[in-house]
2 protein chains.
Amino acid sequence: MKWYSNKGNDLDVVLSTRVRLARNLEEYPFPARLDSEGKQKVNKLLKDILLSTPCEEKLEYFDMKSFSKAQAVSLAEKHLISPEFAYDPEDRALILSENEDISIMLCEEDHARIQAILPGLAPREAYEKAAAFDRQLEENAKLAFDSKLGYLTQCPTNLGTGMRASVLLHLPALSGTAVSRLATTVAKLGMTLRPAFGDGNRAMGDIFQLSNQVTLGISEQAALQNLNSIALQIAEQEKQARTALLRDDAFIDKIWRSWGILKSAHMMSFGEFISLFSLVRLGAAEGILEIPLETLGRLLIEMQPATINADSNKDMTARERDVFRAQTVKAALE
Amino acid sequence: MKWYSNKGNDLDVVLSTRVRLARNLEEYPFPARLDSEGKQKVNKLLKDILLSTPCEEKLEYFDMKSFSKAQAVSLAEKHLISPEFAYDPEDRALILSENEDISIMLCEEDHARIQAILPGLAPREAYEKAAAFDRQLEENAKLAFDSKLGYLTQCPTNLGTGMRASVLLHLPALSGTAVSRLATTVAKLGMTLRPAFGDGNRAMGDIFQLSNQVTLGISEQAALQNLNSIALQIAEQEKQARTALLRDDAFIDKIWRSWGILKSAHMMSFGEFISLFSLVRLGAAEGILEIPLETLGRLLIEMQPATINADSNKDMTARERDVFRAQTVKAALE
């Protein structure tokens with residue numbers, strides 16, 4: 001069972017929490033300055049160390065070239081790897097846990113990018129999961145670390161803790177302008193709030209990613225604490241806005257109709273799916289519709305285009321995928 | 001059980017058939033030239049004769065003033081009386097059978113307007129039902145009849161047979177332009193094809209009424225035969241157009257979505273209902289959705305605004321009615 005099929009804290013507003021640690025080996029240049037042979041050496045070294053980390057889930061090592069294009073893009077859709085990592089598999093490798101809560105990119109921008117992902121609001125737990133692999137590295141290799149700067153990374157924005165922590169927030173009730181205002185406010189606190197799906201300002205599905213920007217001069221614990229409390233404050237604002245919205249019969253009507261279409265359409269694009277998903281998830285979170293939030297969370301991940309092709313192991317056209325998506329959603333919501 | 005809860009012939013395209021006979025008593029002027037006392041006398045006389053007509057259903061006589069406004073408008077919505085009859089109840093009366101297949105307006109434009117209505121395509125059967133009341137009149141009163149002209153009526157367009165026969169056709173696949181062309185064609189054959197719901201050219205629910213225009217110089221049987229064969233020809237064209245439409249996945253998708261919305265909305269106007277109804281009825285008629293056509297036919301009649309108020313015996317606002325309509329439709333389609 002994948003991580004996203006499990007329950008989590010504050011799931012009514014927070015879909016998931018992700019923590020990523022950037023680490024490099026002291027004795028090797030950053031991947032950008034390594035030749036193919038050097039990267040293969042780094043991958044082999046890190047593989048041997050990391051695969052022996054104590055971990056509840058089974059870990060597996062993949063050469064990125066072993067994945068089909070659809071599988072690679074699907075991994076990016078699931079936020080297990082970066083899009084760049086998906087598009088250029090040369091001399092890159094991935095360590096993945098069976099339930100996909102742990103993913104470690106080898107020879108991306110840094111030698112190792114250790115990521116842990118959990119449902120709901122769980123910054124500390126996600127950090128602990130990632131940190132286990134970090135400790136394993138510390139104990140078995142010499143990491144690039146400066147006593148003043150902290151961990152050294154290819155990109156200076158990661159210098160220090162090398163940690164990026166983020167949460168996915170579902171904010172259907174805080175309308176566009178409220179989210180814009182929030183984005184300005186959290187920027188002053190060293191955080192970024194931006195649409196997680198869709199491009200630019202247009203947030204598909206009203207899902208936003210809140211992440212820490214500061215890695216230098218702050219401890220991991222303080223950064224996680226900040227993220228946690230700001231996420232909780234935004235969630236509180238969202239809940240108040242929901243209460244106001246749900247007093248309106250016409251809005252309730254929209255929720256029911258979205259539910260009706262999701263349960264009955266014959267074909268559906270991902271764009272339409274995520275719009276309907278947003279209203280239905282709001283209805284489910286507020287007790288109007290009886291659907292487990294985990295079911296919806298699972299659909300959000302698995303109904304993405306490349307993930308559909310990868311999971312079904314078929315080279316479907318967009319139209320075939322739209323039919324498949326509609327049928328799968330229908331079946332899941334029965 | 002009302003007439004519209006029963007099955008009928010060619011119900012996939014033909015919703016119902018209506019036959020109306022206009023009759024006047026020889027010894028009284030037309031209602032327009034009768035005073036109140038005269039009309040009351042006519043009503044009493046016709047009541048005594050008509051109520052004793054042999055009829056399977058229980059017949060009841062109503063002074064139009066005994067109805068509330070909502071009840072009167074509901075009768076018009078159900079095509080049991082004319083809108084004019086609903087708006088001016090003075091010195092007017094109605095004989096109605098329990099299942100509403102027979103309705104006789106007394107002192108509308110003519111002394112008696114005898115109407116029979118049946119589900120599906122059944123011009124002959126509807127005529128026979130109405131004719132039983134006509135025979136009862138012939139046997140018990142002297143009717144205004146001219147050996148050359150036939151039955152005399154207030155409006156010259158009814159002279160002759162005094163018969164107007166019509167069918168309601170559901171033509172979702174013959175798009176706007178195809179129906180316009182058909183209207184021109186049938187006009188040359190002495191028939192009228194026009195939207196049954198909505199105003200002007202905008203046909204709500206793609207439902208059209210085909211009716212005979214000629215009453216002079218033609219027998220009832222010939223007029224009914226014409227109506228029957230033209231209705232069957234239009235139905236055949238509609239079925240061919242449906243076959244072509246249903247090859248398109250995107251159209252099937254529209255049907256399923258309409259079904260989903262009908263089954264899940266929290267509030268719904270009659271205008272939206274009838275649009276969704278049209279696609280869902282098409283789906284049901286073509287075996288895509290498993291819904292009895294009688295259920296849909298019943299909803300089309302009972303979900304009209306005044307009929308909702310009359311049946312629920314409540315003075316609902318439009319918004320309350322929209323909520324009531326959505327809930328009722330949902331329950332009926334479960």
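Observations on the structure shown:
- Total residues in segment B:66-87, condition assigned to a helix (DSSP H, G or I), of a type outside the set (S, T, N, Q) and buried (at least 17 other Cβ atoms within 10 Å of the Cβ): 8
- Residues that are of a type in the set (A, V, I, L, M), in a strand (DSSP E or B) and more than 27 Å from A:GLY287 (Cα to Cα), drawn from segment A:1-45: A:VAL19, A:LEU21, A:ALA22, A:LEU25
- Checking B:MET204 against (1) more than 30 Å from B:ALA306 (Cβ to Cβ); (2) open to solvent by 40 Å² or more (accessible area, probe 1.4 Å); (3) not basic (Lys, Arg), the condition it does not meet: (1)
- Condition met for B:ALA231 (more than 14 Å from chain A (Cβ to nearest Cβ), farther than 27 Å from B:GLY176 by Cβ, of a type in the set (Gly, Ala, Ser) and part of a helix (DSSP H, G or I)): no
- Among the residues of segment B:269-293, those that are within 11 Å of another protein chain (Cβ to nearest Cβ) and of a type outside the set (Gly, Ala, Ser) comprise B:GLU272, B:LEU276, B:VAL280, B:ILE288, B:LEU289.
- Members of segment B:256-265 found to be facing another protein chain (nearest Cβ under 7 Å) and either open to solvent by 50 Å² or more (accessible area, probe 1.4 Å) or part of a helix (DSSP H, G or I) (or both), listed by number: B:TRP256, B:ARG257, B:TRP259, B:GLY260, B:ILE261, B:LYS263, B:SER264
- Residues of segment B:241-255 satisfying the condition of being free of Cβ contacts under 8 Å to residues at least 40 places away in the same chain and open to solvent by 30 Å² or more (accessible area, probe 1.4 Å): B:THR243, B:ARG247, B:ASP248, B:ASP249, B:ALA250, B:LYS254
- Filter result (open to solvent by 30 Å² or more (accessible area, probe 1.4 Å) and under 14 Å from A:ALA285 (Cα atoms)) within segment A:229-240: A:GLU236, A:LYS239, A:GLN240
- In the condition set (1) of a type outside the set (Ser, Thr, Tyr); (2) in contact with a Gly (Cβ under 7 Å, 6 or more places away or on another chain); (3) at pLDDT below 95, B:LEU289 is compliant with all but (3).
- Of all the criteria given as (1) surrounded by 18 or more Cβ atoms within 10 Å (Cβ to Cβ); (2) more than 11 Å from chain B (Cβ to nearest Cβ); (3) over 22 Å from the mean Cα position of the chain (by Cα), the one not satisfied by A:ALA326 is (2).
- Of everything in segment B:151-195 that is crowded, with 20+ Cβ neighbours inside 10 Å and among the small types (Gly, Ala, Ser), the residue that is nearest to the chain's Cα centre (by Cα) is B:SER166.
- Checking each residue in segment B:303-322 for being open to solvent by 40 Å² or more (accessible area, probe 1.4 Å) and either touching a residue at least 12 places away in the same chain (Cβ under 8 Å) or part of a helix (DSSP H, G or I) (or both) picks out B:PRO305, B:ASP311, B:ASP315, B:ALA318, B:ARG319, B:GLU320, B:ARG321.
- Filtered residue count, segment A:212-227, keeping only those that are buried (at least 17 other Cβ atoms within 10 Å of the Cβ) and under 19 Å from A:VAL13 (Cα atoms): 4
- Lone qualifier among B:ASP63, B:ASP35 - being surrounded by fewer than 13 Cβ atoms within 10 Å (Cβ to Cβ), at pLDDT 95 or above, of a type in the set (Asp, Glu) and on the phi < 0 side of the Ramachandran plot: B:ASP35
- Given (1) more than 18 Å from A:ASP10 (Cβ to Cβ); (2) within 14 Å of another protein chain (Cβ to nearest Cβ); (3) not basic (Lys, Arg), index of the condition A:ALA310 fails: (2)
- Entirely in segment B:90-178, the strands (runs of 3 or more DSSP E) that have 2 or more residues that are not aliphatic (A, V, I, L, M): B:112-119, B:163-170
- Counting the residues of segment A:41-53 that are more than 15 Å from A:ILE95 (Cβ to Cβ) and touching a residue at least 40 places away in the same chain (Cβ under 8 Å) gives 0.
One line per residue, one yes/no per condition, for (1) within 14 Å of chain A (Cβ to nearest Cβ); (2) closer than 20 Å to B:TYR127 by Cβ; (3) touching a Lys or Arg at 6+ places or on another chain (Cβ under 8 Å):
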| site | (1), (2), (3) |
| --- | --- |
| B:GLY198 | no, no, no |
| B:ILE207 | no, no, no |
| B:ILE218 | no, yes, no |
| B:GLN225 | no, yes, no |
| B:GLU236 | no, no, no |
| B:ASP248 | yes, no, no |
| B:LYS254 | yes, no, no |
| B:MET267 | yes, no, yes |
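The values are calculated or read from the model by the stated rules, or taken from the named source; none is laboratory data. Since the model is a prediction, treat every value here as computed from it, not as a measurement. Every residue, glycine as well, gets a Cβ built from its backbone with ideal geometry; the counts of neighbours run over all protein chains shown. Accessible surface is based on the protein model in full, side chains and every heavy atom, while ligands, DNA and RNA are left aside. Shrake-Rupley method; radii C 1.70, N 1.55, O 1.52, S 1.80 Å.
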